[in-house]
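Structure first, commentary second.
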């Protein structure tokens, strides 16, 4: 079965209407908020994992099982701040990433719980404001292994993981997130486009299994002022590499603060035939690894993106909080969303650089 002919989920039309009628608001950072609870190893373990043979502190996704009330509270705080969409607490919930904690056998359970916790928060927010629609995006992170680069400088041909392993890991995650009831899948913080293409391949295979597709959102990360991903692609080359999948949206998140990200968001906005998103960090990290950009500062940057016609959805990544999201939502209110580009037919190819043959 071709996924292009599958029926669209009910959330497709609702999200399309949201993104075309106004600028949508995504939530902010999960990790920054979890840190404010000052959790201990015992919190991450709970009773169930008290005897687990590996340290678990830092495995934030596991909190969906051991401290779900905290994760639900954080989602609720973002909805209360004005977010239309929250991301599930599942950024590292693949067997490849969870292997660092010897918890890879829990992947399906973690993703199911992550989706269900976020859905409970969405229902609560909807009940508090009758007529409001709150969405849940299944967060799919970039992995701690890369298909494009060797981890060994002396063996440039070596890869720590295979394409088949990455596809299998992403399919397992996507399957559980969809079973848990997410409205969309968000493949985010993409630094290696080949990993992202494996995620897209996996997601399409799961859509075929289910006979239905949900919106697929993509968000890459520019690692420095070179304007390239870690694997070396420019923004336009990245877009050329993924446009065949007809994503619901493409965007940029993480790595840079909004001011540093602006030219690359503009570049993407000038290319993309789909919706465009931006959720930068709260500025650049300081000497202590913290983020100093105040809500008003971040809101001003994203309002500039909105007025320039770059975006359909904005939010926050590392260091952002409900206060940031509240300020951002207020700053972009009433600004018209971007209209997707209608591109002339052409052959569009990419390596590290884009190539368009008209």
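The values are calculated or read from the model by the stated rules, or taken from the named source; none is laboratory data. The structure presented is a predicted model; accordingly, all values stated were derived computationally and were not measured. Cβ: placed from backbone, ideal geometry, glycine included. Neighbour counts: every protein chain shown.
Some points to look at:
- Residue within the stretch 246-264 that is more than 16 Å from the chain's Cα centre (by Cα), more than 27 Å from residue 294 (Cβ to Cβ), without any contact (Cβ under 8 Å) to a residue 60 or more places away in the chain and surrounded by fewer than 20 Cβ atoms within 10 Å (Cβ to Cβ) present: no
- Contact map, the stretch 288-314: first residue closer than 18 Å to residue 26 by Cβ, second residue assigned to a helix (DSSP H, G or I) and modelled with pLDDT under 95, Cβ cut-off under 7 Å, separation 6 or more or different chains; pairs are 298/258; 301/258; 301/259; 302/258.
- Residue in the stretch 270-280 that is surrounded by 22 or more Cβ atoms within 10 Å (Cβ to Cβ), farther than 22 Å from residue 334 by Cα and without any contact (Cβ under 8 Å) to a residue 40 or more places away in the chain present: no
- Taking the criterion of being out of contact with any helix residue (DSSP H, G or I) (no Cβ under 8 Å at 6 or more places or on another chain), touching a residue at least 40 places away in the same chain (Cβ under 8 Å) and more than 22 Å from residue 81 (Cβ to Cβ), the residues of the stretch 17-59 that qualify are 20, 53.
- Evaluation of residue 6 against (1) touching a helix residue (DSSP H, G or I) at 6+ places or on another chain (Cβ under 9 Å); (2) at pLDDT 95 or above (one fails), failing number: (2)
- Residues of the stretch 87-97 include none that is modelled with pLDDT of 95 or more, assigned to a loop (DSSP other than H, G, I, E, B), over 16 Å from residue 177 (Cβ atoms) and in contact with a helix residue (DSSP H, G or I) (Cβ under 7 Å, 6 or more places away or on another chain).
- Scope the stretch 185-228; condition within 18 Å of residue 284 (Cβ to Cβ) and part of a loop (DSSP other than H, G, I, E, B); matching residues: 191, 221, 222, 223, 224, 225, 226, 227
The rows are residues; the columns are (1) closer than 23 Å to residue 145 by Cα; (2) in a helix (DSSP H, G or I); (3) modelled with pLDDT of 95 or more.
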| residue | (1), (2), (3) |
| --- | --- |
| 38 | no, no, yes |
| 47 | no, no, yes |
| 64 | no, yes, yes |
| 69 | no, yes, yes |
| 83 | no, no, yes |
| 106 | yes, yes, yes |
| 109 | yes, yes, yes |
| 113 | no, yes, yes |
| 119 | no, yes, yes |
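- Those strands (runs of 3 or more DSSP E) lying entirely in the stretch 266-358 with at least 3 residues within 20 Å of the chain's Cα centre (by Cα) and either at pLDDT 95 or above or within 20 Å of residue 187 (Cα to Cα) (or both): 275-281
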